[in-house]
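In what follows, a single structure is set out as structure tokens and then discussed.
The values are calculated or read from the model by the stated rules, or taken from the named source; none is laboratory data. On a predicted model such as this, the values are computed, not experimentally measured, just so you know. Here Cβ is always computed from backbone atoms with ideal geometry, including for glycine, and neighbour counts include all displayed protein chains.
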Amino acid sequence: MKQRLLVLSILMATTRISWALSAATEIIISVPDQQLALIDRGKLISKYAISTSKFGLGDGNGTYRTPLGTLFVSAKFGDRLPAGAVIRNRVPTGELVNVNAPGRDAIVSRVIWLRGMEQQNRSARDRCIYIHGTPEERRIGMPASFGCIRMRSRDVIALYDLAHIGMHVTVTPKRVADFIRPEEPSLLARAD
């Protein structure tokens, strides 16, 4: 009986995850909110605080800016690495860095590599624009990166497990709320 319940529990969890990974699921990165949202057909799945570039928005080589527009996930690195694992050139170094370690600004935990789909962000992949973990978690929520989208380690690990190659990523000057469809009224919610 316990084994059947375990199997049922796993099947239910798999069903929830596959729903979250529908073809319509996309990542929205709101620059003014400094938030990343996972949205499926106008429904918010999850939301995380992030940091975009302290140099502003754009895609020129050497500008260290965060590119705007529609991109997609082109590669992922860091399967099963522990939180704080340093990743250099998309390869784990074996070093672990603590959260807010003084003088450390490494890429940690996971890397989600982005490729631009528009003229305005065509250099994103060559510039190595990632969504990645950072040990500088105290700076999350304000522009602090050198072009990438930084996240807390626990958050980028959770996102990594939901993101898939080809998933659309929109970096926008709009607010996350602009992408969420209002809840439709339900007869079940009526008070009368």
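Being of a type in the set (A, V, I, L, M, F, W, C) and surrounded by fewer than 20 Cβ atoms within 10 Å (Cβ to Cβ) is the filter here, so list the residues in the range 82-98 that pass it.
Matches in the range 82-98: Ala83, Val86, Val91, Leu96.
Just to be sure I understand, how many residues within the range 99-127 are closer than 20 Å to Ala163 by Cβ and surrounded by fewer than 16 Cβ atoms within 10 Å (Cβ to Cβ)?
Here the count works out to 1.
Please determine, by comparing only the residues of the range 128-155 that are basic (Lys, Arg) and surrounded by fewer than 17 Cβ atoms within 10 Å (Cβ to Cβ), which one is farthest from Ile28 (Cα to Cα).
Among those residues, the one meeting the criterion is Arg138.
Got a sec? Which strands (runs of 3 or more DSSP E) wholly within the range 126-180 have at least 2 residues that are over 16 Å from the mean Cα position of the chain (by Cα) and at pLDDT 95 or above?
Working: elements: 130-133, 149-151, 168-172.
Output list is empty.
Got a sec? Which of Ala106, Ala49, Ala85 is touching a residue at least 40 places away in the same chain (Cβ under 8 Å) and under 18 Å from the mean Cα position of the chain (by Cα)?
Unique residue meeting the criteria: Ala49.
Which of the following residues is β-branched (Val, Ile, Thr), modelled with pLDDT under 95 and touching a Leu at 6+ places or on another chain (Cβ under 7 Å): Ile45, Ile17? Step through it out loud before you land on a result.
Working: Ile17 fails: touching a Leu at 6+ places or on another chain (Cβ under 7 Å).
That would be Ile45, the only listed residue that is β-branched (Val, Ile, Thr), modelled with pLDDT under 95 and touching a Leu at 6+ places or on another chain (Cβ under 7 Å).
Taking the range 52-81 on its own, how many of its residues are of a type outside the set (D, E, K, R), surrounded by fewer than 13 Cβ atoms within 10 Å (Cβ to Cβ) and either without any contact (Cβ under 8 Å) to a residue 24 or more places away in the chain or not in a loop (DSSP other than H, G, I, E, B) (or both)?
1
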